[in-house]
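Worksheet: the structure to be examined is printed underneath.
Every number in this text was worked out from the coordinates using simple rules, so none of it is lab data. These numbers were taken from a predicted model, which means no experiment stands behind them. Here the Cβ is made from the backbone with ideal geometry for all residues, glycine too, and neighbour counts use every protein chain on show.
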Amino acid sequence: MAVTPSDADPGVFTAATGTKRRIANRSVIWQVVLLLAIMLVCVFPFYWMVTTSLKTQIVALEAPPVWIFEPTLDNYREALFEDGVLRTLINSLIIAVCTTGLALLLGVPAAFALARFEFRGKKDLWFWFITNRMVSPIVLALPFFLIARNLGLLDKHITLILIYLTFNLPIVIWIVTDQFRGIPYDLDEAARLEGASQFTIMRKICLPLAMPGVAVSAIFAFIFSWNELMFGLILTRSEAKTAPAMAVSFMEGYNLPYGKIMATSTLIVIPVLIFALIASKQLVRGLTMGAVK
Amino acid sequence: MRGQASRKTILAFIGPAVFGLAIVGIAPLLYALWTSLHFFNLTKLRQIEFIGLENYANVLTDEVFWQAMGRTFFLLGTALPLQIGFGLGIALVLHKPGLTILKTLTRLSLVLPMATTYAVVGLLGQVMFNQKFGVVNQLLNGADINWIGDPTNAFAMIIFWDVWQWTPFVALVLLAGLTMVPGEVEEAARLETKSWWTILRHVQLPFLIPGLVAVLILRTADTLKLFDMVFTLTRGGPGSSTEFISLMIQRVGFRGFDQGLASAQAVILLIITIVLAQIYIRVFYKEV
Amino acid sequence: MKRRVLLSCAATVALIASGAVAQSDWSLEEAAKPYAGTTVDVVFLLRPGYEAIEAMLPEFEERTGIKVNIIKHPYENALGEQVRDFVAGGDLDIALIDLVWIGNFAENEWVVPIEQIQADYPDLVDPDLDIDDFFPLVLNAFGGWNGTIYGLPFDNYSGLLFYNKCMLEEAGFDGPPETWEELKDTYGPALTKDGKYAFALQSKRNETQSADSFARVLWPFGGSFLDEEFRSNLMSEESQAGLKFRQDLMQYMPEGIVAYDHAEAVNGFAQGDVAMITEWSAFYSTVVSPDTSAVADCVEIAPEPKGPAGRKPALGGFSLAVASQADEDEKGAAWLFIQWATSKENAGEYLERGGVPARQSAYEDPALAETYKFVPALVESWQEGVPEFRPRFAEWPEITEIVQEWGTKMMLGEVTTEEGAQEIGTRMEEVLENAGYYSGDKTLAQ
């Protein structure tokens, strides 16, 4: 064991703790300053987004920008009710919820098999699933557009729900496989001896234990789907138009209604931020799963 | 006995997912492969013609394509070290004991950038970095920096937003790694040396490696995919200074309508992605 | 096919038979009766001319019972959206055609020629349609391809010189520059000082770069994109002179002009930071309205300056055409809408609400020039002008991407005007080669 303070000469001890305390104080102050700075940098853009959304076009274009002004909700009224942002928000919600559900439905059993069964080509299969997460959407957007066109599936919710599987399914499989692998086998030994099917074992015994992982992957799938732009831009037009695609459509080179663009942005971002904050514990756990392996 | 299951059972579990992903993931790829071997222009569908590898030859010899690719990796090479540097700093600050409430609040605020719609980040960038009425120049003491219209500054701005959005991710991953260091090991080390650097290198680093690997994989993939934020912020400009690979393919395929050429570019991008993913996963994720 | 032939035969017969009788008592309400309840889909831009028609639309819908479903897109997405819709056999019943898209839309047969419509739907043709009343240049450039008229001019522009009279007077000028040389050599140095700039040329890397910046300096100096054999003419002395002139002129423009789209250029002018801009007529309402402009009282308008090759102002604008993919009812309803929106009768109100009609009759009243200062310059610009200011053939979407890329690189000094022109030339000729212009498969029309 190392030397503890009590072993040292009492006089030296007081002096030492004095300096130490001063150092400690100073470092606490630094820590507070740094923490506040981090928070400020993270939050400030949102502050600016919201305040800009409350400005009229003239105020928004004032140079240098003003911090105190008379706020107006006109941008929101216009965006929601005149420009149809409300409908695109609903579309985004429908699509994100459905694709998340579908990804879980397909992904959880697959993850169970990958975690618990031995079979040939397992590694390659897992690798293939995961690689999909890394494929740039533009690679799929071109051909998917042509296929959807041939099948008459353009501008339909189902099209986005399906194509979002390309990034949602890998997330679910990655995270949930990991989770299933952590569940000890002896737990379901008894059930197996009683003749329960693998499906029953998954549903009754393993799934409840893997629920945290399932929740994490669902949260991710939802957020990624909600935020997606490129497929939404290319595969929808009006009926199934998503909120991010809508936000982009105000960018006419003739006149940039910054207040309205920021109002729409706020409407898109705030729900997902609230959701992320509520689920932040799971979110952080999900993010860091790679870190603890 | 682990892993005993009949073929049928395995298929029942894994079949639907494979089938699903094959339909949305593989079928389009095969179609892209077919398209890439043809002259295939959306506005000239009557002239579709098999041209063999001509599109590929065009892509491989097109300096513009390789410049976009180089730019993409340059972005990765500049943004990632910054993210790791800042992320590590933030993780260390958060790892220091004390100030529980403040630290919880900080952790919560770190979640925000990551969850933000990427397209909105770009729109926000347009508003905040505008030369005249942008708040960034105001905060820089009324500087008159032309962010969006200058190639170097525009690139710096893209780096800024990428770092803003993804440093929290790196920080949280590394923080999780730091909490894995057994308390007694860390304490013992602290008594031996005051240098945080020594502690970081010799005690904490081994626990950070898996996290860093995950960061490397995901950031590489996301940089190759990067589209939304740049599309809404600079659209690849000024000139080509922020035209990254995904933007370029989008331009060729959906603005020039040359789907054949764009498909060839996409296939080449896919090959690069798979090779990188293979290397990363085979090297770092041995255990699966 | 047979059915269509029969139909049009029947239609022709009906046309001859009804003749003068139908003309006298034609009314929109009567003509629209069979189409009440039909919905037609059309893409609109977020620009003043579209807002004007949108504001007038309730009257049309009430009189006809036809519902017009407007899908709004920014210009930069509008071509892609429409191409994807037509390729996919989507719901658009009306095509919105920028003059540079006409070759593309016509060659793909996505739009129906006016003559065809007139033959198929003789009862729907307003006897007052008076196609000859459109400015011929505008009708042919915006709506016509290879001698066939497809669309009627709807949202019409000519490039104009907007200048800030107060700033010019203060610097000792009584009027705007007559030539581009004068603008650069005399007005440039005198007006560029104290954070103000003589000129701003919107040059962002999108259609703005090709149309507003690149093409604008080619033509007045005698240059052009293509020579008579459809080979690149960008290396010619004249084209190079124009491109070099643009490089030179940049010293009198704000920094970062390469990122300026219309909004930035107009805003710079409206804030009094820039003394002159060459912009589309459509911006008139923005720069003279005190709500959006700090210099409303100082705004004056002239035709674009002349170059050594004369005045070759920028030409741009949109026509509306009936889409081939629409069904019989939708085609009829679409035609009625197009005819109404571009009619002589509505031109006055359209102008009042911020649109720019292409009807000659709309500008006959000399008093208009006092209310709308841009009218004389506009009318003058539409007398002469180059329809192929930007080539209007089907290959333009590919070529404009090339021009945008290398045009901005040129401006940034990343390549010289020669290197850039060489690049554009090679790539452009490759596109044209593939299209079959050099093998004689395709007629040389632009």
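Separation of segment A:219-282 and segment A:19-84, taken as the distance between their Cα centroids, equals 20 angstrom. Annotation: lysines with alpha-carbon distance below 21 angstrom to A:LYS123 (same-chain offsets under eight excluded): A:LYS293, B:LYS8, B:LYS286. Close amide H partners of C:TYR197, meaning residues 5 or more places away or on another chain with modelled amide H under 5 Å apart, are C:VAL274, C:ALA275.
Taking the Cα centre of each part, how many Å lie between segment C:368-446 and segment C:163-182? Each part's Cα centre sits 29 Å from the other's. Check cross-link reach from C:LYS409 to the lysines: straight Cα distance under 16 Å, and skip same-chain residues fewer than eight apart. Excluding near neighbours in sequence, the set is C:LYS204, C:LYS244.
Partner shielding of C:146-153 amounts to 0, given as the average count of beta-carbon atoms from other chains within 10 Å of each residue beta-carbon.
Remark: segment B:65-284 projects, on average over all directions, an area of 14.6 nm² (convex hull of Cα atoms).
Count Lys and Arg as plus one, Asp and Glu as minus one, and take only other residues whose Cβ is under 12 Å from that of C:ILE257; the net charge is then -2.
For segment B:150-227, the alpha carbon convex hull comes to 105 Å³ per residue, rounded to a whole number.
Here the sum of -39500 (n - 2.57) over DSSP H runs of 4 or more residues, divided by the residues of the protein assembly as shown, equals -18000 deg cm²/dmol at 222 nm, to the nearest 500.
Taking amide H positions as modeled 1.01 Å from N, with prolines and chain starts lacking one, the residues under 5 Å from C:ASP41 and 5 or more places away or on another chain are C:ASN69, C:ASP93, C:ILE94.
Under a 10 Å cutoff between Cα atoms, tell me which one of C:THR342, C:THR408, C:THR286 has the largest fluctuation in the Gaussian network model of chain C. Comparing C:THR342, C:THR408, C:THR286 in a Gaussian network model of chain C, the most mobile one is C:THR286. Three principal axis extents describe the C-alpha atoms of chain C; from largest down they are 68, 54, 32 Å.
When each full DSSP H helix of chain A is screened for a Cα extent of at least 15 Å along its own axis and an average Kyte-Doolittle hydropathy of at least -1.0, the helices passing are A:10-53, A:85-116, A:122-132, A:137-150, A:165-181, A:207-227, A:258-278. Principal-axis analysis of the Cα atoms of chain B puts helix B:100-115 at an angle of about 10° to the longest axis. When each of the peptides A:82-90, A:170-178, B:137-145 is scored by how many other beta carbons lie within 10 Å of its residues on average, the order from highest to lowest is A:170-178, A:82-90, B:137-145. Inter-chain neighbour count for C:230-240: the average number of beta-carbon atoms from partner chains within 10 Å of each residue's beta-carbon is 0. Taking each of C:LYS184/C:LYS306; C:LYS165/C:LYS196; C:LYS72/C:LYS344 in turn, the alpha-carbon distance tops 20 angstrom for C:LYS72/C:LYS344. Each residue of segment A:238-251 is assigned a 3J(HN,Hα), and the resulting list reads 9, 4, 10, 4, 8, 4, x, 5, 5, 4, 6, 6, 7, 7 Hz, derived from the Karplus form 6.51 cos²θ - 1.76 cosθ + 1.60 (θ = phi - 60°), x at Gly and Pro.
Look at the stretch B:215-228: the mean tally of other chain Cβ atoms within 10 Å of its residues' Cβ atoms is 4. Among A:ALA79, A:ALA111, A:ALA37, the largest mean-square fluctuation in a Gaussian network model of chain A, built with springs joining Cα atoms closer than 10 Å, belongs to A:ALA37. Pairs from the table (A:LYS55/B:LYS96; A:LYS55/C:LYS312; A:LYS281/B:LYS225) lying more than 30 angstrom apart at Cα are A:LYS55/B:LYS96; A:LYS55/C:LYS312. Across segment B:48-58, coupling constants 3J(HN,Hα) worked out from phi with the 6.51/-1.76/1.60 Karplus curve, θ = phi - 60°, read 4, 8, 6, 10, x, 9, 4, 4, 5, 4, 4 Hz, and Gly and Pro carry x. Compute the signed sum of charges (Lys and Arg +1, Asp and Glu -1) over the other residues within less than 10 Å, Cβ to Cβ, of A:GLU252. For residues surrounding A:GLU252, the net value is 0.
Put in line by how crowded their Cβ is, counting other Cβ atoms within 10 Å and starting with the fewest, C:LYS193, C:LYS72 read C:LYS193, C:LYS72. Give the angle, between 0 and 90 degrees and rounded to the nearest 10, that separates the Cα long axis of helix B:245-254 from the longest principal axis of the Cα atoms of chain B. Between helix and principal axis, roughly 30 degrees.
Using Cα-only point scatterers and the Debye equation, what is log10 of I(q)/I(0) for chain A at each q in 0.16 Å⁻¹, rounded to two decimals? These q points yield log10 I(q)/I(0) values of -1.26. Couplings 3J(HN,Hα) of segment B:193-199, computed from phi: 9, 8, 6, 5, 5, 4, 4 Hz, in residue order, whole Hz [Karplus 6.51 cos²θ - 1.76 cosθ + 1.60, θ = phi - 60°; x for Gly and Pro]. Name the lysines eligible as straight-distance cross-link partners of C:LYS442: C-alpha to C-alpha under 22 Å, and not fewer than 8 places from it in the same chain. Straight-line reach from C:LYS442, under 22 Å: B:LYS44. Only alpha carbons enter this Debye calculation for segment A:155-267, each as an equal point scatterer, and the log10 of I(q)/I(0) it gives at q = 0.11, 0.23 Å⁻¹ is -0.56, -1.17. The angle separating the long axis of helix C:75-87 from the principal Cα axis of greatest extent in chain C is about 40 degrees. If you wrap the protein assembly as shown in the convex hull of its Cα atoms and look at it from every side, the mean projected area works out to 48.8 nm².
In what sequence, highest mean first, do B:57-65, B:41-49 appear when ranked by Cβ atoms within 10 angstrom?
Going by the mean number of other Cβ atoms within 10 Å, highest first, we get B:41-49, B:57-65.
Electrostatic tally near C:ASP155: other residues with Cβ closer than 11 Å to its Cβ, Lys and Arg +1, Asp and Glu -1, net -1.
Between A:ILE219, A:ILE278, A:ILE270, where does the largest GNM mean-square fluctuation fall for chain A, given springs only between Cα atoms within less than 10 Å? Highest fluctuation among the options: A:ILE278.
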